[in-house]
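The block underneath contains the structure these notes are about, expressed in structure tokens.
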Amino acid sequence: MRNSEPGISATTSTQAVFVPPPSTPRMRSPGFTSSYCMAGAPPAASFLYDFGKKSKRCHCPTNALPLPRFRALVSCRIVMDEKEAAKRIEHLRDEIRKHDRLYYEEAAPVISDRDYDRLYKELVDLESQFPDLVTPDSPTQRVGGKPLKAFGQVSHLLPMLSLDNTYSEEEVRNFYARIQRLLPDEKIPVVIEPKVDGVAVSLIYESGKLRQAATRGDGNVGDDITQNIRTIRSVPERLRDGAPKLLEVRGEVYMDRKGFEKLNDDRKKQSLPLFANPRNAAAGSLKQLDPAIVAKRPLGIVLYGTGATEGLDIEVHSEVFPLLKKLGLPTTEWWRVAESLEKILDAIHELDGIRHKFAYQTDGAVVKVNSFAQRERLGFTAKSPRWAIAYKYAAERVQTRLKDIIIQVGRTGILTPVAVLEPVLVSGSTVGRATLHNEDEIKRKDIRIGDTVVIEKAGEVIPAVVEVVKSKRPRSAKPFHFSEHIHGKCPVCGGPIRRDPEFVAWRCENLHCPAQTTRRVEFFAARGALDIESVGGIVADKLVERGLVREPLDLFELKIEQLAKLNLGTEEASRVFGEKNATKAIHAIERARTLPVSRWLFALAIPDVGKTTAMQLARFHDTIEDVADSPLLRDVLDYQEKRDQKEPAKETAERLIKAGFAKRSRSKAAKGDIVTEVGPVIAGSVLDFFASTAGKKILRRMKELGIEPKSEKVSAKKAADLPLSGKTFVLTGILPSMTREEATEKIEALGGHVTGSVSKKTDYVLAGAEPGSKFDKAKNLGVKIIDEAAFRKML
């Protein structure tokens, strides 16, 4: 809230009450609960102050006194009946909506922040006096309603289909040639507009009032996010005059770059996980069940299309933008209409030159047929319209100076070189560091400290050093020698290092290295592992630094009092974790004691065991101890050894098949072979891990700490009968009501497998909104593509 003007206690935009020095006699003023005037001044019917004209005098009916002779009354309320209040409240709402529109949509405010806050505070005060007059569309209700238990599902009036992506101008030419073939002898104007990198949403207005907002979901059904959308100040609750009876508008919710950076700075201070990019931050914000949290996030919206309408008479898409603006809806200011391939490509190039100036991120240009009648004749494929395509720009490359190379230590001891750069703007965000991968990559590219290097953000997200500009190399540029750079020892603990030929990397050999311990604790507590909230980043650093945690299982011995007192700052500037955060973290730790076996197998960071392998192992073993001494894993090794030595392995194979841990190979080249759930490399890694001193200690401590992971074992007979048994899935895009991790868990629990790439052996590609290249590859290979609704029917 902005502060009131000094010397005035504003109650309405035209009335004020003044306070003289304490010795001044009080005088009542009708219309106020209390009021004061200077000694000797005649009685006044009311005090009037015209804020709009910035009057510098107090106007009384019989007298006028200079404003500086009054002091502000801190608390004052107008006495009025409900009818008067209703009229005033409606006026204030209209004024606030008008100023919201001028500020957020047109960037042309006409009043100061102070004056705006006076209007807002008066509305808050009046609504608190007359609660029956509060309405859901009041500007004061944008701060959010009650938290939801879960998002409801709503059907779109018309499907929200995603667009086909293209990455070359040749494909744009093919698109235009294709629509010309489908509509011969017709002029086909197209609209070129920014491809906004946000979260796709649909808003429904009925008779000018916002009724519903939803995410894209699977294109037919999305999450009801109406409460969250209402918190975005640039979204009008009511449209201006001339709104049709029904208007469904489509667009993207985004987070601007400055807001994103501030949000991440705040989260870093609170030791919360950071968002990878503005789009993820916007998506995470909209998924919040508590609108009060969403209201604090710097979200914006840009609308660019219509869905279902009633009472709207427009024939071409280029009429949509001025219509949205006329109704008070935020829309893109840049768009072009082109009637030839040459003009289309010109517009794409023009947009590429200015897109980083927009408040929102863009990663391409959308090309759409302008005429709605032509669109209808062109029609749709199962996934996307034939009348539109999204052209994705190549990753932006910029030059900057490499100031230094530092070494980061990972949880397995791998030492990774990181380039410290002169900060530079790349694809709309400032980049100061980029990975250099390993020593061999540095040598191959001949990267030296002091060089000018070319940076790009792969996929517009991950910064990478692409090459060196050798023509700009200074004489002072220093060649980089890994071991010499860190004086032959770990830069964190000073322990011995060795080059690991398998990973083409150097590794710290000290298992008790603080950096490794911190990264292991973070991995152990991460989402997808044990999901222990708030134990990451600086909290993990400080727990290890203070000696409270020497290995991940030490978390289960922490007390609320210890965590609450944990100093996240310095000795000079102390900042403790706090009891509230500590209580939340301890509850999460306690909950982790009985999480499923698969989550624990993944959290223990066993070499070669990822989430999918952990789920496969959990389906065949009751406990962690069963995995540690698994006859099935020993049989996998035994089978491989016998095959290598060309010895009979039929008995071992039959045992594995009977247990459901293997099936006969369908390959003619490998006739008689079997395919096991996990291969010999993974089987050896798991058995070696638990046979090691560290592995035995983990099993012993888990038992001492009373940790009993929940069994997920499925009998062999039941495994064969599971609905997804033997089926291979690949996931892509954003699913409407579950995360990819949740979908993977469901698939694995029902006997299926999830892989990361599409091949002819893939049975299904489960596709959500905004799928990636896996979707296109599946189409090319003829692999069956299903949405979440079809997937749920399989469960």
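The values are calculated or read from the model by the stated rules, or taken from the named source; none is laboratory data. Since the model is a prediction, treat every value here as computed from it, not as a measurement. As a convention, Cβ positions derive from the backbone with ideal geometry for all residues, glycine included, and neighbour counts pool all protein chains shown.
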*Failed criterion for V609 (all others in (1) over 23 Å from the mean Cα position of the chain (by Cα); (2) more than 29 Å from P680 (Cβ to Cβ); (3) of a type outside the set (F, W, Y) hold)*: (2)
*When the range 250-261 is examined, which residues are found to be of a type outside the set (A, V, I, L, M, F, W, C) and at pLDDT 90 or above?*
R250, G251, E252, Y254, G259
*Identity of the residue in the range 722-745, surrounded by fewer than 18 Cβ atoms within 10 Å (Cβ to Cβ), at pLDDT below 85 and charged (D, E, K, R), that ends up farthest from E712 (Cα to Cα)*: R740
*Only residues that are farther than 30 Å from R593 by Cα, under 42 Å from the mean Cα position of the chain (by Cα) and not basic (K, R): list them for the range 637-671, please.*
A662, S665
_Condition check for L563: out of contact with any Gly (no Cβ under 6 Å at 6 or more places or on another chain), at pLDDT below 90 and not assigned by TED's automatic domain parsing to the domain that holds R700_ = no
*Restricting attention to the range 354-369, report how many residues are farther than 11 Å from E193 by Cβ and either outside the structural domain of L182 (by TED's automatic domain parsing) or outside any helix (DSSP H, G or I) (or both).*
6
_Can you tell me which residue is surrounded by the fewest Cβ atoms within 10 Å (Cβ to Cβ) among those in the range 183-239 that are at pLDDT below 90 and on the phi > 0 side of the Ramachandran plot?_
D185
_Would you confirm whether or not the range 375-383 contains a residue that is among the aromatic types (F, W, Y) and surrounded by 18 or more Cβ atoms within 10 Å (Cβ to Cβ)?_
no
*Selection status of R520, assigned to a loop (DSSP other than H, G, I, E, B), under 30 Å from E742 (Cβ atoms) and not acidic (D, E)*: no
*Report those helices (runs of 4 or more DSSP H) wholly inside the range 644-713 carrying at least 1 residues which are among the basic types (K, R) and within 28 Å of G726 (Cα to Cα).*
650-658
*Name every residue in the range 756-795 that is touching a strand residue (DSSP E or B) at 6+ places or on another chain (Cβ under 6 Å) and among the hydroxyl-bearing types (S, T, Y), in order of residue number.*
T762, Y764
*Scan the range 413-437 for residues that are crowded, with 19+ Cβ neighbours inside 10 Å and under 30 Å from I606 (Cα atoms) and jot them down.*
G413, L415, P417, A419, A434, L436
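Of all residues in the range 523-565 being among the hydrophobic types (A, V, I, L, M, F, W, C) and part of a loop (DSSP other than H, G, I, E, B), which is surrounded by the most Cβ atoms within 10 Å (Cβ to Cβ)? Full working, then the answer.
Kept after step one, since they are among the hydrophobic types (A, V, I, L, M, F, W, C), are these residues of the range 523-565: 523-526, 529-530, 532, 535, 538-540, 543-544, 548-549, 553, 555-556, 558, 560, 563-564.
Still in the list and also part of a loop (DSSP other than H, G, I, E, B): 526, 529-530, 532, 535, 548-549, 558.
On the way: A526: 16, A529: 22, L530: 23, I532: 27, V535: 24, L548: 16, V549: 23, L558: 18.
In this case the residue turns out to be I532.
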*Kindly indicate whether any position in the range 167-174 is in a strand (DSSP E or B) and either in contact with a Phe, Trp or Tyr (Cβ under 6 Å, 6 or more places away or on another chain) or not assigned by TED's automatic domain parsing to the domain that holds G305 (or both).*
no
*Do we have any residue at all in the range 522-535 that's farther than 19 Å from R267 by Cα and in contact with an Asp or Glu (Cβ under 8 Å, 6 or more places away or on another chain)?*
yes
*Looking at the range 512-524, which of its residues are in contact (Cβ under 8 Å) with a residue 40 or more places away in the chain and farther than 13 Å from G413 by Cα?*
E522, F523, F524
*Tell me which residues, restricted to the range 335-348, are in a helix (DSSP H, G or I) and out of contact with any strand residue (DSSP E or B) (no Cβ under 9 Å at 6 or more places or on another chain).*
L341, E342
_Search result, residues across the range 321-334 that are surrounded by 16 or more Cβ atoms within 10 Å (Cβ to Cβ) and in a loop (DSSP other than H, G, I, E, B)_ = G328, L329, P330, T332, W334
*Select from the range 112-137 the residues that are outside any helix (DSSP H, G or I) and in contact with a helix residue (DSSP H, G or I) (Cβ under 6 Å, 6 or more places away or on another chain) and write down the one among them that is modelled with the highest pLDDT.*
F130
*In the range 328-372, what residues are without any contact (Cβ under 8 Å) to a residue 12 or more places away in the chain and within 30 Å of D94 (Cα to Cα)?*
E333
*Could you figure out which of (1) surrounded by 20 or more Cβ atoms within 10 Å (Cβ to Cβ); (2) within 21 Å of I179 (Cα to Cα); (3) hydroxyl-bearing (S, T, Y) isn't true of S318?*
(1)
*Picking from G537, G569, which residue would you name as being closer than 21 Å to P491 by Cβ and small (G, A, S)?*
G537
*Got at least one residue in the range 640-651 being farther than 24 Å from G706 by Cβ and either at pLDDT 95 or above or buried (at least 19 other Cβ atoms within 10 Å of the Cβ) (or both)?*
yes
_Taking the condition of being free of Cβ contacts under 8 Å to residues at least 40 places away in the same chain, surrounded by 15 or more Cβ atoms within 10 Å (Cβ to Cβ) and outside any loop (DSSP other than H, G, I, E, B), how many residues in the range 566-593 meet it?_
2
*Given the conditions (1) at pLDDT 80 or above; (2) surrounded by 18 or more Cβ atoms within 10 Å (Cβ to Cβ); (3) more than 35 Å from the chain's Cα centre (by Cα), which single one is not true for C76?*
(1)
*For the range 594-608, does any single residue satisfy the condition of being part of a loop (DSSP other than H, G, I, E, B), of a type in the set (V, I, T) and buried (at least 17 other Cβ atoms within 10 Å of the Cβ)?*
yes
